[in-house]
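Reading through the structure tokens given below for one structure.
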Amino acid sequence: MNQPKESSTRERILQMMKTSGPLSTKEITLELGITEMAVRRHLGTMERDGLIESKMIRQTLGRPTSVYGLTELAENLFPKKYHTLTLDLLGELEQEYGAESIERLFERRKDKLNRQYQSDMQGKNLAQKVQRLAEIQNDNGYMTECEQRGDDHFVLMEHNCPISQIANRYNHACECELRLFESLLDARVERTECLAQEGRKCVYVIKR
């Protein structure tokens, strides 16, 4: 029953650290007006969840004190509209140099990723390549899962698309991803569902 209140308290602590920087337990206690024991309990949970980290700072007088600050994971909880800026810049580029310039950018990105990950695929069979590709996409935020339907038949599903707002406007980004997969896997790849085209996820059917 206390979960919503506890979540609200932790959200306030995150907001305080975002606006004021690293804080000590005493500073948080004074600001929130709750017991130090309650604050320590919240901090322990947040540190366990990877949202905050502690460090010791030296003071002019007395012993070093421990302060808590946000981790990169917590920073990502705050609103960021990188895609808005990216879309604005791409729009300006398209207006100045035409749609072909945008397509060239996506092609160059595809070629760069192909060079970056090609060595990961060396010496692997198709199943191992698909598994490695799933790991790469997971690391990049695509929330990927993979199913094997036969000896040389796989289905790769992406439940999230970090560049969905861009792909919604510039479908060439999706085309480049498809061809990147074909190159890395050295296999036939067919996209049967796409988040940028009102799908629930991106689905790739992979066959030798």
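Values quoted throughout were computed directly from the atomic coordinates according to the rules given, and no laboratory measurement underlies them. Computed from a predicted model, the values in this text were never measured in an experiment. When we count neighbours, we look across all protein chains shown, and the Cβ atoms used for this are built from the backbone with ideal geometry, even at glycine.
Brief remarks follow.
- Pairs over the 27 Å Cα-Cα cut-off, from the set Lys81/Lys110; Lys55/Lys112; Lys81/Lys112; Lys81/Lys129; Lys18/Lys55: Lys55/Lys112; Lys81/Lys129.
- Translational D in µm²/s for segment 3-75 (Stokes-Einstein at 25 °C, 0.890 mPa s, Kirkwood Rh from C-alpha pairs): 197 µm²/s
- Of the residues Tyr97, Tyr170, Tyr117, the one with the fewest other Cβ atoms within 10 Å heads the list, and the complete ranking is Tyr97, Tyr117, Tyr170.
- With a cut-off of 12 Å between beta carbons, the residues surrounding Gln122 carry a summed charge of +1, where Lys and Arg count +1 and Asp and Glu -1.
- Point-charge dipole on Cβ atoms (K/R +1, D/E -1) for segment 3-75, about Cα centre, debye to 20: 260 debye
- Positive minus negative residues near Glu158 (Lys, Arg vs Asp, Glu; Cβ under 14 Å): -3
- Once both labels are positioned 7 Å from their Cα atoms along Cα-to-Cβ, the gap between Lys124 and Asp49 label points is 3.3 nm.
- Counted by Cβ distance under 14 Å from Lys112, the other residues give a net charge of +3, where Lys and Arg count +1 and Asp and Glu count -1.
- Taking the alpha carbon gyration tensor of segment 92-161, multiplying each eigenvalue by 5 and rooting it gives semi-axes of 30, 15, 11 Å, largest first.
- Each of Ile136, Ile57 was scored by other Cβ atoms within 10 Å of its Cβ. Listed from fewest to most, they are Ile57, Ile136.
- Principal axis dimensions, segment 1-122 - Cα atoms, whole angstrom, descending: 61, 40, 36
- By the beta-carbon count within 10 Å of each Cβ, the least crowded to most crowded order of Thr71, Thr29, fewest first, is Thr71, Thr29.
- Stretchable slack from Lys81 to Leu32, in nm (0.36 nm times residue separation minus alpha-carbon distance): 14.7 nm
- Isotropic mean projected area of the C-alpha convex hull, segment 72-200 (nm²): 9.0 nm²
- Toward the positive end of the charge dipole of segment 3-75, with +1 on the Cβ of Lys and Arg and -1 on the Cβ of Asp and Glu, the farthest Cα among Leu61, Gly50, Ile28 is that of Leu61.
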